[in-house]
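Undergrad: There's a structure below that I have some questions on.
Where a number appears in this text, it was derived from the coordinates with a stated rule and is not lab data. As the structure is a prediction and not an experimental result, all values here were calculated from the model. Using ideal geometry, Cβ is built from the backbone for each residue, glycine included, and neighbour counts are taken over all protein chains shown.
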Amino acid sequence: MVEHVLPAFLVLGFGALARRLGFLTAESAAGLNRLAANVALPALLVLTIGTSPLATGFSAPLALVTTLLVVGVAFGSFCLARALGLPKGQRGVFAQASFRGNLAYMAFPVILAALGEPGLRRAALVSAVLIPTMNFLSVLVLHMAQGRGTGWGPRLWSVVTNPLVLGANLGLVLSALSWQPWPWLHNTLKILADFSLPAALLALGAQLEVAQMRDVRRPLLLSVAVKLILLPAFGYFILRAWQVSPLDLQVGVLLLASPTAVASYPVAVEMGGDPRLAGASVLLTTALAFPAFVLWGLVCGLTGPG
């Protein structure tokens, strides 16, 4: 399992090293991230989902279990934050860090390396449901934490128009229509798709900064435990009890075990969340994602593609 997970984290490390050596500046890293998030990753989703047979490629049990678990952990962690007496600025951030995974940037490269194209296609189809669900829940818990009852319009519009959401939804429509792209279009999307995952990892590594963790250690460690241990554990036991296929089990657990999404940081800060907890959650879950992916891969009996 290590040989499948390690390359993704080495590329991420190369991004961090490139930033330290000056090959990538803060501005160029941000530009690379925007290019990956707005062009390359949506192209990957359109191509991967759109050319997958929806009837046989989409797993309803997998989508249902992972989505319901994300929803349950979102509200459960928010209630836990209130019960622990966390400040308003930390409640929504704590909840978001506990459920919002970095699917496209982290889980996809690991799943592709470990499970090959079939695993990536299954993950992309499920993510067409998970990505908009996570984005909407992030807005919801951050609003609830601040006690705001207005301003929903712009926030919901930003969820609907998120390029990853648009790419996933377009892919679902094309898949339902049994889409067969023209060769020139397929090859163009394939070039962008092949660029998307290394670009996303390099940008992620270059943009990670050591956050001030003082005064946020308790909610930080608890949210990390929920995100990397509790959430995938629930997924593992429920999917096993449902007796899904080994591929569904592996894809579902690896998706749920992905670290906290980098995009959660700017959203949290913009909506009045604690920037220290938001940044530290991304940093620590990303750092611990390597052993987490290896652990859950071994638990699921994952040995590699084919």
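Undergrad: Which residues' amide hydrogens lie under 5 Å from the amide hydrogen of GLY101, considering only partners 5 or more residues apart or on another chain, with H built in the peptide plane?
TA: The list, which skips near neighbours in sequence, is ALA261.
Undergrad: A follow-up question, please. Calculate one ³J(HN,Hα) per residue across the stretch 236-252 by plugging θ = phi - 60° into the Karplus curve 6.51 cos²θ - 1.76 cosθ + 1.60, and present them in order as whole Hz with x for glycine and proline.
TA: After applying 6.51 cos²θ - 1.76 cosθ + 1.60, I find 4, 5, 6, 5, 5, 5, 6, 6, 6, 5, x, 5, 4, 4, 5, 5, x Hz.
Undergrad: Give me the one-decimal nm value for the distance between modelled label points at SER28 and LEU10, 7 Å along each residue's Cα-to-Cβ direction.
TA: Each label point lies 7 Å from its Cα, and together they span 2.3 nm.
Undergrad: Report the relative contact order of the stretch 163-306, percent, no decimals, based on alpha-carbon pairs under 8 angstrom and at least 6 residues apart.
TA: With pairs under 8 Å counted, the relative contact order is 27 percent.
Undergrad: For the stretch 2-299, what is the relative contact order in percent, using Cα pairs closer than 8 Å and at least 6 residues apart in sequence?
TA: Answer for the stretch 2-299 is 34 percent.
Undergrad: Turning to a different aspect of this structure: According to the Cα gyration tensor, what semi-axes, each the square root of 5 times an eigenvalue, does the equivalent ellipsoid of the chain have, listed from largest to smallest in whole Å?
TA: On the way: eigenvalues 153, 97, 82 Å².
The equivalent ellipsoid of the chain has semi-axes of 28, 22, 20 Å.
Undergrad: Treating only the Cα positions of the stretch 156-306 as identical point scatterers, give the base-10 log of I(q)/I(0) from the Debye formula at each q in 0.11, 0.14, 0.15, 0.17 Å⁻¹.
TA: Once normalised to I(0) and log-transformed, intensities are -0.60, -0.95, -1.06, -1.23.
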